[in-house]
Amino acid sequence: MGADAGGGPMPHPLAGLKVVEVAEDIGGEFAAMLLGQMGAAVTKLEPPQGSPTRRVGPFAGANAGPDTSLTFWFYNANKQSAVADLATAAGMATLRRLLAEADVFVSTLQPARLAALGLDLATLTEEFPKLIVLSITAFGLTGPWVDYKSSDLVALAAGGPLISCGYDDHSIPPIRPGGNQGYHTATSFAQIGVMLALLERQKTGRGQLVDVSMHEGCAVNVELANPYWFYPKVNVQRQTCRHAQPSPTQPALFRCADDRFVYFALILADPKPWAALVAWMESKGMAAQLSEPEFSDLAYRQGRFHEVQELVECFFLVQTAEEAYKDGQAAGLPIGVLNAPEDLFSDEHLQARGFFTQVEHEGIGPVTYPGPIYRFSSFGQAPRVRAPNLGEHTAQVLGGSGERPAGALAEVSQ
Amino acid sequence: MGVGACATRLLGDFGAEVIRIEDRNRLDMPRRLPIYKGEARTYGEEDANPDPNKGGLFNNYNRNKLGVTINMRSPKGRELAERLIASSSVVTENFAPGVMERWGLTYERLQKLRSDVIYARMSGFGHSGPHAEYRSYGPVVQAVSGLSHISGLPGEEPSGWGLSYMDNEAAFFNSSALLTAIYHRNLTGQGAEIDVSAVEAGINLLGPVLLDVSVNGRSTRGSDFPTGNRLEHPDAAPHGVYPCAGDDRWIAIAVFNDEEWRGLTAAMGDPDWTVEPQFASQAARFGNQDALDARMAAWTRDKDRHELMHRLQAQGVAAGAVQTAQDTNDHDPQIASRGLFFEMDHPVIGEARFEGTPIKFSQTVQENWRSAPLLGEDNEYVFKTLLGMDEDEYAALDAEGVF
């Protein structure tokens, strides 16, 4: 299909929208970035010392500093940075001036912080009737835990995903899945929330307050754990790198000759994948007794499950993970290689789709970033532009009448 | 299996008329999985002949939708699907690539039926490239995108994910892609084909470690990565999941700075060990996490996880009981106060609970008007009332097995 992989001359659906961001965590930063990538002009207001995420590593090279945080880079592309200290009257005046012209205000401030700054989000939507206030906080803007502190680990724990993740051995605590997924969950719902609000505004002309709770986002991002509680009223039990279930299932990680792993759920009950597996093993001369006719009987092979499991373990041990992945898929089996991040850049499929994108960083050169999450045939995502240095656009944003300088949009979409 | 249904659930929740097309002869997986009231079975233990209207997972994914059955292997069935498409403005699918094409349902064909159609294609690998037809479901997507590899204890096999996280996340991003395409169409009158690869969405969720690799060339295959519940960045400590009173009961605690450390030690009653030099600064605590975690676990081991969470939060420490679905559903006052979960009746299942939307809108309203449709429940309404099919044609198609 001809869907665009980012770039190109296609229109950006949110072009012309102005977003003001006051975000102190990556959930809000990621959400505003996604709006920027759809063409909105995003102004990130930061305190003089910069967003807290600028102090989080890893850093580019050996130089730790506000402009070299890779955490900041990852979540803050396609934005302008202006310094405005909201603890001062001048800073607050800047915010209000920007909000008067803005379409979306992204805030991650919890209610106690808002109150300390004298900001009331509901009032803002009355004062600026077209404004959509997108609040993305740990627990939402209401409720008894409203000012509790959170973090990615705490959100995944209290929201429910964490108890499903870890190892078969339950003397080991549940293990947090990597990559900030509590915050990412909040971001994905924020994206939905703001788009629903923009659609509503297309109809009514009015903005509104959109209150996203990371805690609740996690609580509905547990997949089977909820229906298993809704219906049979059981809690699922975690297992090593495979679905938490009401009762134990067989291991699904197989070590390969190159010490990498593949994920493969060995399901005996379904005759088609069973036949495909045996044929695949035969093609490598490793089916052994599994080719014998009695193994085509389900009860027979179920009774010899451990024998089957051992043969499959041996089968994977003599091939590389990449080989097992491609040959297994060719045999029609849903098998996945456990790629490390460094494996992805040379993946033939991702290369053919032109997925990764290069972004120029002065003094460093081109940096490889992930490409777009979604591709559209008739409009596109703005090309990725590196995250701004701290206060890089302060003069433009604060200068003059407060109108966005003509060059600002062009710069973002270059 | 849940991606498409979960993505359109959101649209149905917020007012779209969503019509789910199913095949009577090839039941949707969530209709078959044995997630039933009163029976606790793993999802591998399917019924040979399941009641398609009894499955809880299907109910969970398909509330607020209409449901019809069409036999897509019959030419009349495909013709009927085209009539339905012509009267709709958005079409979504998450078959393996090639299936819709075999039925002739390309974007070009859909545009002929409805010029401004939005056609959302949701698949594991996307609709181009050499692996486009690879089979996938959540765990495969999580493996291939790198999300499994970056999760686990150092030097151990990956612990990865205990759920199809990427089925859900791909669905959520597909929802926002659909909403974006609708927004664009409202502005321009122009439709779109959408191609979302769950693997590519997953790579976007790897987080900053991806840049550590691409910028700094760091290896993630050493014995020092991944780091279990500890962070590499920033130097949080303690940062872990500690045992509490009860079977498999835990609390997550995350301390990022001296102020939070003082809150933690105050909650502990300032025991002597907390002033040892090895714990004297954030950097020292970060460097001595083995010793620190042993102290922490000894302290938390006999305590109630919720009581401890509240005690620590009162001192300004980020702490969360590790909650089960039972906890979040039945014992979480924060979730209860916001009314996240809700109930609706279902003709076969009876009263059932549903996952709400974790967003509160001051204007936009979520309308929950029905639980999931029974198999083919809305055939008559959709084909006769919405498409205007007359009684004779309906009866003839029904007799021919088109539904």
Worksheet item: When region B:234-254 is examined, which residues are found to be among the aliphatic types (A, V, I, L, M) and either more than 13 Å from B:Met309 (Cα to Cα) or surrounded by fewer than 18 Cβ atoms within 10 Å (Cβ to Cβ) (or both)?
Response: B:Ala236, B:Ala237, B:Ala245
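Yes/no matrix, rows are residues, columns are (1) crowded, with 22+ Cβ neighbours inside 10 Å; (2) over 22 Å from the mean Cα position of the chain (by Cα):
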| residue | (1), (2) |
| --- | --- |
| A:Ile26 | yes, no |
| A:Leu34 | yes, no |
| A:Met38 | yes, no |
| A:Ala41 | yes, no |
| A:Pro47 | no, yes |
| A:Pro52 | no, no |
| A:Phe74 | yes, no |
| A:Val83 | no, yes |
| A:Ala89 | no, yes |
Worksheet item: Yes or no: A:Gln351 farther than 21 Å from B:Asp195 by Cβ, more than 7 Å from every other protein chain (Cβ to nearest Cβ) and either at pLDDT 95 or above or within 19 Å of the chain's Cα centre (by Cα) (or both)?
Response: no
Practice prompt. Name every residue in region B:178-191 that is part of a helix (DSSP H, G or I) and either in contact with a Pro (Cβ under 7 Å, 6 or more places away or on another chain) or over 17 Å from B:Thr357 (Cβ atoms) (or both), in order of residue number.
Written response: B:Thr180, B:Ala181, B:Ile182, B:Tyr183, B:His184, B:Arg185, B:Asn186, B:Leu187, B:Thr188
Item to complete: Answer yes or no as to whether A:Leu277 is aliphatic (A, V, I, L, M) and under 22 Å from A:His243 (Cβ atoms).
Response: yes
Worksheet item: If we keep just the residues of region A:217-261 that are small (Gly, Ala, Ser) and over 21 Å from B:Gly56 (Cα atoms), which is nearest to the other protein chains (Cβ to nearest Cβ)?
Response: A:Ala252
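Residues are listed down the side, and each one gets a yes or a no for (1) surrounded by fewer than 24 Cβ atoms within 10 Å (Cβ to Cβ); (2) in contact (Cβ under 8 Å) with a residue 24 or more places away in the chain:
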{"residue": "B:Arg311", "(1), (2)": "yes, yes"}
{"residue": "B:Ile335", "(1), (2)": "no, no"}
{"residue": "B:Met344", "(1), (2)": "yes, yes"}
{"residue": "B:Arg353", "(1), (2)": "yes, yes"}
{"residue": "B:Lys360", "(1), (2)": "yes, no"}
Item to complete: From B:Leu211, B:Leu187, B:Leu179, B:Leu163, grab the single residue that is aliphatic (A, V, I, L, M) and not assigned by TED's automatic domain parsing to the domain that holds B:Leu113.
Response: B:Leu211
Worksheet item: Looking at region A:317-404, what helices (runs of 4 or more DSSP H) fall wholly within it and have at least 2 residues that are assigned by TED's automatic domain parsing to the domain that holds A:Gly91 and over 30 Å from B:Gly152 (Cα atoms)?
Response: A:394-398
Worksheet, complete the sentence: For region B:68-84, pairs from a residue that is outside the structural domain of B:Leu105 (by TED's automatic domain parsing) to a residue that is surrounded by fewer than 18 Cβ atoms within 10 Å (Cβ to Cβ) and assigned to a helix (DSSP H, G or I), with Cβ under 9 Å and 6 or more apart or across chains, are none
Practice prompt. Being outside any loop (DSSP other than H, G, I, E, B) and closer than 22 Å to A:His170 by Cα is the filter; apply it to region B:116-170 and report the residue that is nearest to the other protein chains (Cβ to nearest Cβ).
Written response: B:Pro139
Item to complete: Tell me, yes or no, whether region B:199-218 has at least one residue that is out of contact with any His (no Cβ under 8 Å at 6 or more places or on another chain), of a type in the set (Ser, Thr, Tyr) and within 9 Å of chain A (Cβ to nearest Cβ).
Response: yes
Worksheet item: So B:Glu232 clears everything in (1) in a loop (DSSP other than H, G, I, E, B); (2) within 8 Å of another protein chain (Cβ to nearest Cβ); (3) in contact (Cβ under 8 Å) with a residue 24 or more places away in the chain; (4) out of contact with any strand residue (DSSP E or B) (no Cβ under 7 Å at 6 or more places or on another chain) except one condition, right? Which one?
Response: (3)
Item to complete: Output yes when any residue across region A:354-376 is among the hydroxyl-bearing types (Ser, Thr, Tyr), under 26 Å from the mean Cα position of the chain (by Cα) and at pLDDT below 95, and no when none is.
Response: yes
Fill in: Selected residue (only one of A:Gly16, A:Gly50, A:Gly39 is at pLDDT 95 or above, in a loop (DSSP other than H, G, I, E, B) and within 23 Å of A:Arg113 (Cα to Cα))
A:Gly50
Worksheet item: Can you find a residue in region B:320-340 that is more than 30 Å from B:Tyr36 (Cβ to Cβ) and outside any helix (DSSP H, G or I)?
Response: yes
Practice prompt. Please work out if A:Val312 is outside the structural domain of A:Gly61 (by TED's automatic domain parsing), β-branched (Val, Ile, Thr) and touching a helix residue (DSSP H, G or I) at 6+ places or on another chain (Cβ under 8 Å).
Written response: yes
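The values are calculated or read from the model by the stated rules, or taken from the named source; none is laboratory data. Worth saying up front: this structure is predicted, and the values here are computed from it rather than measured. All Cβ positions, even for glycine, are placed from backbone atoms using ideal geometry, and neighbour counts span all protein chains on display.
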